[in-house]
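The values are calculated or read from the model by the stated rules, or taken from the named source; none is laboratory data. None of these values were measured; they are calculated from a predicted model. All Cβ positions, even for glycine, are placed from backbone atoms using ideal geometry, and neighbour counts span all protein chains on display. Remember, those area values only see protein heavy atoms, side chains included, never the ligands or the DNA or RNA. Shrake-Rupley method; radii C 1.70, N 1.55, O 1.52, S 1.80 Å.
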Amino acid sequence: MMAAELVKQYSKITLGEDSEICDIKHALKALRKKILSLDFDNSMHVHDPQDSFEYLEVLYKIRRLSERLRSLDPCGEAKQLDELTAYAYDLSEMAMARLEEEFVYLLTHYKQPLEQEVLSFRSTEDGSVEDFSSSSFSEEQSEGKATPNDVTGGPEHFVPDLIQPGALSAVKSIAKFMFLNGYDKECCQAYINSRQNAIDEYFGSLRLDKLSIEEIMNTSWNKLNTLIRRWNRAMRVFIRVYLASEKRLSNHVFGELTDSTADLCFYEISFNSVMQLLSFYVSVAIGPPKTEKLFRLLDMYEVLNDLLPEAESLFESGYDDMILNEYHEALLQLGESARKTFAEFKYAIQSYSSSNAVARGEVHPLTKYVMNYIRALTAYSKPLDSLLKDTDRRHLHLASDIQLMANAYPNFTATALHLQSVAAILEANLEAGSRLYRDDRLQNIFMMNNIHYMVQKVKNSDLKSFLGDDWIRIHNRKFQQQATRYERASWNNVLSYLSDDGLCAAGDAASRKTIREKIKNFNLSFEEVYRVQTAWSVPDDQLRDDVRISISLKVIQAYRTFVGRYSSFLDGSRHRDRYIKYRPEDLETLLLDLFEGTQKSLQHSCRV
């Protein structure tokens, strides 16, 4: 029977003007016996929530009898009436104490665990861990952003009932009765204590160890990386699932009683857990700016920023502003830490130096690291734009550059400008590093490999939207220019021996001698280039083929023309094959050995 019906029914209780005090006394004793028969204090006693309405019926009877006692004319029975009034008061106190126990019992026994949400959280928390530390320069990196399953969808947007529906009406009716009878403080405290225990139990199931700032500072990066993923996931589920459900439960129980009670209870219940979650975010944010942390910092910033409207909705009518103040402070500190870390990343590229050149002229590990790093950053363009715009407002020249670019390119952003800046810093560092090569030709190969790698990363990823087609065209020309410089430095001297200089068509002895010298020098020069440049490397298959084809077109054509024109001058010469050692097809095959990274020699080669 609902509380409203009980009130209606027992408001009609009348004992008549001639009711005797002894009749009320007998009724109260019967009610006391009924109260004692309901063993709410025994935790092993399990009963149906409908029993609560039977108990409320008893309480409504005691209330009506107590009101009747106060309305009686004591006449000559003042002492007896006073004693019975005190008895009724004590009985009411005992009954209310037991009602509070029943209230706690229902909240505890009929709470619903969120096993489905916990299992979903655990199944997605430990994905692959990206390592963008400087020690991993030689490794190809995967994307830094958490996968969609880590941050959206699933149970996050499902708001479950925290109390079984069958018990909710009883809980609400008890709360209403306690408030109407002046036990609002006791009711609220009992509710807060019960729900705090439930929230602590759920919070513990998330396996979020409370760590001090010092412990977080001393945690290894791999472990901290995993912890951050876990806390991010926990924050989303906790705000969107648990606290949303907790707020709904508070509103359901207390919403019709007073305007502030539901908000106050919810605030007290959630305060410690929310502050513990936020303290982790602040502790990570105040750590030193290390480049490998940027992606997780942006993840954390994005999580809090995405949840901000929901957090403000949950706590806007709270007891005070402490939670939201701490929330905004965590966001500010994460944003500032992310900005400092990005600046540290740029400085690390600029200041990076090595005393040794990269073997074989291959792509520098720094190039791989930086390009994969900024490629991963494109997934964070939204928070980066917000954070970097704020940085650029402090540097007017950058803000002006952004405005100029935005006028020319509608899709241009602060992130795009800064990523272009990173690419320019990398390119300058590579230029400086190329000077470590003593051989200018290998310097050209090194720059060609690295700029080509940068171009391919931009063309084949979202970086294209940020650096733009103009950047790609400019850098296509740059690596092609390096290829051209390499060809000139490597092959112009070789091809010079196949020129007609000093020769005449008459075929005199002097010309024959010159032809022999030219072919001999060509062979020696070609073999030296072959010996040296088979050890060099062009890792990209297409680029390697393109360079070989370009070389082959020049060398084979020149060689075929020269041999075809002047080989007859050597007819009858002794050891003719010592000079014409290679057919054009042989040279074409040998050129395929270039840039494979394994040195070969032709010192003892002979014509096949």
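Do the conditions hold for R233, that is, is it surrounded by fewer than 17 Cβ atoms within 10 Å (Cβ to Cβ) and among the basic types (K, R)? If you could, list the steps in order and put the result at the bottom.
Values: surrounded by fewer than 17 Cβ atoms within 10 Å (Cβ to Cβ): no; among the basic types (K, R): yes.
No, not satisfied.
Which is more than 24 Å from I192 (Cβ to Cβ), of a type outside the set (G, A, S) and in the same structural domain as R230 (by the TED database), of I323, I286, I269? First the steps, then the outcome.
Values: I323 fails: more than 24 Å from I192 (Cβ to Cβ); I269 fails: more than 24 Å from I192 (Cβ to Cβ).
Answer to the check: I286.
What number of residues within segment 195-212 satisfy the criterion of being farther than 20 Å from D161 by Cα and open to solvent by less than 20 Å² (accessible area, probe 1.4 Å)? If you could, list the steps in order and put the result at the bottom.
Filtering segment 195-212 down to residues farther than 20 Å from D161 by Cα leaves 207-212.
Checking which are open to solvent by less than 20 Å² (accessible area, probe 1.4 Å) leaves us with 208.
Counting residues in segment 195-212 that are farther than 20 Å from D161 by Cα and open to solvent by less than 20 Å² (accessible area, probe 1.4 Å) gives 1.
Quick check on my filter: what residues within segment 26-80 are outside any helix (DSSP H, G or I), modelled with pLDDT of 70 or more and either hydroxyl-bearing (S, T, Y) or buried (at least 18 other Cβ atoms within 10 Å of the Cβ) (or both)?
Once the filter is applied, which keeps residues that are outside any helix (DSSP H, G or I), modelled with pLDDT of 70 or more and either hydroxyl-bearing (S, T, Y) or buried (at least 18 other Cβ atoms within 10 Å of the Cβ) (or both), segment 26-80 yields only P49.
Can you find, within segment 155-195, the residue that is farthest from V241 (Cα to Cα) among those that are touching a residue at least 12 places away in the same chain (Cβ under 8 Å) and in a loop (DSSP other than H, G, I, E, B)?
By that ranking, first place goes to N181.
Within segment 449-499, which residues are over 19 Å from L543 (Cβ atoms) and either surrounded by 18 or more Cβ atoms within 10 Å (Cβ to Cβ) or of a type in the set (S, T, N, Q) (or both)?
S465, F466, L467, G468, N492, N493, V494, L495, S496, Y497, L498, S499
Please give the number of the condition I21 fails out of (1) modelled with pLDDT under 65; (2) open to solvent by less than 80 Å² (accessible area, probe 1.4 Å); (3) more than 29 Å from A170 (Cβ to Cβ).
(1)
Name the one entry in E302, E310 that is part of a helix (DSSP H, G or I), open to solvent by 30 Å² or more (accessible area, probe 1.4 Å), of a type in the set (D, E, K, R) and over 15 Å from P383 (Cα atoms).
When all the criteria are applied, what remains is E310.
Kindly evaluate S270 against the criterion of being in contact with a helix residue (DSSP H, G or I) (Cβ under 8 Å, 6 or more places away or on another chain), in a helix (DSSP H, G or I) and over 20 Å from L384 (Cβ atoms).
Working: in contact with a helix residue (DSSP H, G or I) (Cβ under 8 Å, 6 or more places away or on another chain): yes; in a helix (DSSP H, G or I): yes; over 20 Å from L384 (Cβ atoms): yes.
Considered against the rule, which asks whether it is in contact with a helix residue (DSSP H, G or I) (Cβ under 8 Å, 6 or more places away or on another chain), in a helix (DSSP H, G or I) and over 20 Å from L384 (Cβ atoms), S270 comes out as yes.
Taking the condition of being modelled with pLDDT under 90, within 39 Å of the chain's Cα centre (by Cα) and buried (at least 19 other Cβ atoms within 10 Å of the Cβ), how many residues in segment 164-194 meet it?
Residues in segment 164-194 being modelled with pLDDT under 90, within 39 Å of the chain's Cα centre (by Cα) and buried (at least 19 other Cβ atoms within 10 Å of the Cβ): 0 in total.
Pick from segment 238-260 the residues that are out of contact with any Pro (no Cβ under 7 Å at 6 or more places or on another chain) and among the aliphatic types (A, V, I, L, M): which of them is modelled with the lowest pLDDT?
Of all residues in segment 238-260, those out of contact with any Pro (no Cβ under 7 Å at 6 or more places or on another chain) come to 238-240, 242-244, 246-260.
If we keep only those that are among the aliphatic types (A, V, I, L, M) too, we end up with 239, 243-244, 249, 253, 257.
Details: I239: 93, L243: 93, A244: 92, L249: 94, V253: 94, L257: 88.
Once the filter is applied, the top-ranked residue is L257.
Conditions (1) modelled with pLDDT under 95; (2) in a helix (DSSP H, G or I); (3) crowded, with 21+ Cβ neighbours inside 10 Å; (4) among the small types (G, A, S), marked per residue:
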| position | (1), (2), (3), (4) |
| --- | --- |
| L314 | yes, yes, yes, no |
| G318 | yes, no, no, yes |
| L324 | yes, yes, no, no |
| A330 | no, yes, yes, yes |
| Q333 | no, yes, no, no |
| S355 | yes, no, no, yes |
| S381 | yes, yes, no, yes |
| L384 | yes, yes, yes, no |
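Would you point out which residue out of I374, I349 is closer than 30 Å to Q443 by Cα, open to solvent by less than 30 Å² (accessible area, probe 1.4 Å) and within 19 Å of the chain's Cα centre (by Cα)?
I374
Can you say whether K223 is modelled with pLDDT of 90 or more, open to solvent by 70 Å² or more (accessible area, probe 1.4 Å) and within 30 Å of R64 (Cβ to Cβ), as far as the supplied structure shows?
Considered against the rule, which asks whether it is modelled with pLDDT of 90 or more, open to solvent by 70 Å² or more (accessible area, probe 1.4 Å) and within 30 Å of R64 (Cβ to Cβ), K223 comes out as no.
Return the pair list, or none, for Cβ contacts closer than 9 Å from residues in segment 488-501 that are of a type in the set (D, E) to residues that are open to solvent by 90 Å² or more (accessible area, probe 1.4 Å), at least 6 apart or on different chains.
Qualifying pairs under 9 Å: D500/R565.
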